[in-house]
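What follows is calculated from the coordinates using simple rules that are stated; it is not laboratory data. Predicted, not measured: the structure shown is a model, and the values here were computed from it. Every residue, glycine among them, receives a Cβ derived from its backbone with ideal geometry; neighbour counts consider all protein chains shown.
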Amino acid sequence: MLPEITYKIADQPEEFDQINVLNYKTFVEEIPQHTTNDSGILVDKFHSKNKYAIALQKNELIGMIAFNDVKPFSLNIKIENMESYLPTHNSLLEVRLLSVRRDKRGGIILMKLISEIYKWTKHVKKKYDYIIISGTTRQLQLYRKMGFVPFYKLVGSEEALYQPMYLEIKKFIEQYGERL
């Protein structure tokens with residue numbers, strides 16, 4: 001029997017340390033978005049305003065996703081007048097830095113991480129209309145299957161291209177709520 005996976009919002013120093021290591025493995029070693037360094041650690045430039053939904057197995061980080069509702073978003077920096085490309089909305093939540101350890105991919109970890117974000121929104125009693133992401137072009141089929149919709153041309157560099165996308169939270173919960 002496989003060890004149980006725990007999903008939660010990161011709140012412990014050792015969890016943040018593991019987030020920075022997984023961030024490096026994914027966005028330096030796997031997707032060459034950032035340059036290498038000797039520490040093997042990558043702290044996100046938005047770390048101070050991020051919250052992180054994480055997946056732990058035996059206290060070891062196997063998946064994470066960062067989110068925040070504080071503008072400017074990373075997409076505001078990449079797309080001038082970004083919100084003009086989106087459907088009418090009251091409130092947005094940017095989700096970034098999706099990373100699941102290679103040997104744990106293919107399951108429902110991503111959906112469970114998004115579910116943790118949704119639980120957090122209910123806990124803080126704040127209603128968001130849409131999640132926005134810069135989805136790696138390597139996973140566009142997965143994002144579309146989940147209900148994400150492209151809203152702008154590709155952004156990033158030749159080595160790391162991303163598709164700006166949005167997901168209507170209400171539709172996501174209607175479609176997947178029973179399984180989450």
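Side notes on the structure shown:
- Any pair with Cβ under 9 angstrom, 6 or more apart, that starts in the stretch 113-137 at a residue that is farther than 14 Å from GLU168 by Cβ and ends at one that is surrounded by fewer than 16 Cβ atoms within 10 Å (Cβ to Cβ) and among the acidic types (Asp, Glu): LYS126/ASP69
- Taking the stretch 15-41 as the range and being more than 19 Å from VAL95 (Cα to Cα) and not in a helix (DSSP H, G or I) as the test, the residues that pass are PRO32, THR35, THR36, ASN37, ASP38, SER39, GLY40, ILE41.
- Test: residue in the stretch 148-160 that is over 23 Å from LEU22 (Cβ atoms), of a type in the set (D, E, K, R) and either in contact with a strand residue (DSSP E or B) (Cβ under 6 Å, 6 or more places away or on another chain) or free of Cβ contacts under 8 Å to residues at least 60 places away in the same chain (or both): yes
- Hits in the stretch 13-64 - residues which are under 22 Å from THR121 (Cβ atoms) and among the basic types (Lys, Arg): LYS49, LYS51
Conditions tested, residue by residue: (1) buried (at least 19 other Cβ atoms within 10 Å of the Cβ); (2) in contact with a strand residue (DSSP E or B) (Cβ under 7 Å, 6 or more places away or on another chain); (3) among the hydrophobic types (A, V, I, L, M, F, W, C).
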| site | (1), (2), (3) |
| --- | --- |
| GLU30 | no, no, no |
| GLN33 | no, yes, no |
| PHE73 | yes, yes, yes |
| MET82 | yes, no, yes |
| ARG105 | no, no, no |
| TRP120 | no, yes, yes |
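- Among the residues of the stretch 7-16, not one is more than 17 Å from the chain's Cα centre (by Cα) and under 20 Å from ARG102 (Cβ atoms).
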